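Accompanying notes for the structure given below.
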Amino acid sequence: MKVSIKEFAPSWFASVMGTGALALASKAYSSRLPALDGLAEFLVYFNTLLFLVLLIPWLLRWMKHTENALKDLKHPVVCHFYGTIAVAMLVLSADYLFILKRTAIAKAFWIPGAVLTIFFALLIPYLMFVEKEIDLKSVTPAWFIPPVGLIVIPMSGAALISSFSGTAKEVAYAVNYFAWGAGFFLYLGLFAIVFFRFIRHEPMPCGMAPAVWINLGPIGAGTSTLYALVKASEFLTVKEPFFAFGLILWGFGVWWLAMAIIMTIYYIRKLNLPYSLAWWAFIFPLGAYVGATHNVGTAFGIGVIDGFGFALYWLLLTIWLVTGLKTVKHVLLE
């Protein structure tokens, strides 16, 4: 894998999303294993450095190779990955807020991250709407990235509401609710299209196989951010129905987790699953779901669910290590 500015893939920021999700999951389960608290803090600093390193070629590509960057923006699959830079900023915001307790830095990442996320959530669907035709084979779970970005906005945004005052606080409430609502219902609409593609068309190419796991992103993040938003909403007097809905949404994730594992085994045995940058698609969705599992288990006091999340955490950590090592190997040696 030769990494050049001209061919720099926008999907590189999925590595920041995945690392940030692992950091948050580590912090969540440090209650069971205190050593994970130190790992979480290390991952925040490492992730910040990773983001800054990736930001340089991303910006240079737009300045020096604008034509190539625009070509990717008009591609029916690749365009969706442009949103990963914005989601990466939102995840870093959550890392700084919940792990390092740095509200100012968290806000500094959240504001531009939210603006960029909303921008891409409008731009990418617009570009798709004005296309003459999009082939069914171009439909993949990568289409969920813009909605996932919207759903992730309240991840730290909900907790940051209290740091604003006056009109700014009202705007923060509106942005967070708009983002969750728009993201969730966009996901439902796109899910129907992607599900139809799975049934109607041949399996995705081997290089896109990890994208099957992306479904866990909106499910996991949707559950966690709904809980965060409801808890932060002073005007809501009855909150239990929202928590119950989150439990139901989490339950759908159990089915999709099983299906993602089954499909991954299918690709390994029947087709092939060579390393590619797409392997990072395993990590953020699973990390989001691990976090949601912890939140659901804690909210309802169901130890079995929380224990299930702790078991999934080790799967998440293993996949992150394997993917990270393979990424470094390919960057340095090929």
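The values are calculated or read from the model by the stated rules, or taken from the named source; none is laboratory data. Every value quoted in this text rests on a predicted model; they were computed, and no experiment measured them. Here Cβ is always computed from backbone atoms with ideal geometry, including for glycine, and neighbour counts include all displayed protein chains.
Select, from Phe252, Phe245, the only residue that is without any contact (Cβ under 8 Å) to a residue 24 or more places away in the chain, of a type outside the set (Ser, Thr, Tyr), closer than 21 Å to Leu190 by Cα and surrounded by fewer than 22 Cβ atoms within 10 Å (Cβ to Cβ).
Phe245
Quick check: is even one residue across region 317-330 outside any helix (DSSP H, G or I) and at pLDDT 95 or above?
No, region 317-330 contains no residue that is outside any helix (DSSP H, G or I) and at pLDDT 95 or above.
Of the residues Ala179, Ala142, which is over 30 Å from Lys270 (Cβ atoms) and either free of Cβ contacts under 8 Å to residues at least 60 places away in the same chain or among the small types (Gly, Ala, Ser) (or both)? Full working, then the answer.
Values: Ala142 fails: over 30 Å from Lys270 (Cβ atoms).
On inspection, the qualifying residue turns out to be Ala179.
Only residues in region 8-30 that are more than 18 Å from Met155 (Cα to Cα) count as the first member; pair them with residues that are basic (Lys, Arg) and surrounded by fewer than 22 Cβ atoms within 10 Å (Cβ to Cβ), Cβ under 9 angstrom, at least 6 apart or cross-chain, and list the lot.
Note: pairs meeting the criteria are Phe8/Arg61; Pro10/Arg61.
Any residue at all in region 58-67 that is acidic (Asp, Glu) and closer than 28 Å to Asp306 by Cα?
no
Say we look at region 227-268 and pick out the residues that are of a type in the set (Val, Ile, Thr) and not in a helix (DSSP H, G or I); which of these is modelled with the lowest pLDDT? Steps first, please.
Our first condition is that a residue be of a type in the set (Val, Ile, Thr); within region 227-268, this holds for 230, 237-238, 248, 254, 261-262, 264-265, 268.
Among the residues that remain, those that are also not in a helix (DSSP H, G or I) are: 237-238.
Details: Thr237: 87, Val238: 92.
Filtering region 227-268 for residues that are of a type in the set (Val, Ile, Thr) and not in a helix (DSSP H, G or I), the one modelled with the lowest pLDDT comes out as Thr237.
Would you pick out the residues in region 129-148 that are surrounded by 14 or more Cβ atoms within 10 Å (Cβ to Cβ) and at pLDDT 90 or above?
Val139, Thr140, Pro141, Ala142, Trp143, Phe144, Ile145, Pro146, Pro147, Val148
What is the one condition in (1) surrounded by 14 or more Cβ atoms within 10 Å (Cβ to Cβ); (2) touching a helix residue (DSSP H, G or I) at 6+ places or on another chain (Cβ under 8 Å); (3) small (Gly, Ala, Ser) that Ser162 does not satisfy?
If we test Ser162 against (1) surrounded by 14 or more Cβ atoms within 10 Å (Cβ to Cβ); (2) touching a helix residue (DSSP H, G or I) at 6+ places or on another chain (Cβ under 8 Å); (3) small (Gly, Ala, Ser), just (1) comes out false.
Looking at region 317-334, which of its residues are of a type outside the set (Val, Ile, Thr) and either free of Cβ contacts under 8 Å to residues at least 60 places away in the same chain or surrounded by 15 or more Cβ atoms within 10 Å (Cβ to Cβ) (or both)?
Matches in region 317-334: Leu317, Trp320, Leu321, Gly324, Leu325, Lys326, Lys329, His330, Leu332, Leu333.
Of the residues that make up region 167-174, is at least one among the hydrophobic types (A, V, I, L, M, F, W, C), closer than 20 Å to Phe144 by Cβ and loosely packed, with under 15 Cβ neighbours inside 10 Å? If you could, list the steps in order and put the result at the bottom.
Residues of region 167-174 that are among the hydrophobic types (A, V, I, L, M, F, W, C), as a first pass: 168, 171-172, 174.
Imposing the further condition that a residue be closer than 20 Å to Phe144 by Cβ reduces the set to none.
No, region 167-174 has no match at all.
Here are some residues: Val148, Val171, Val212, Val152. Which one is free of Cβ contacts under 8 Å to residues at least 40 places away in the same chain, among the β-branched types (Val, Ile, Thr) and in a helix (DSSP H, G or I)?
Answer to the selection: Val171.
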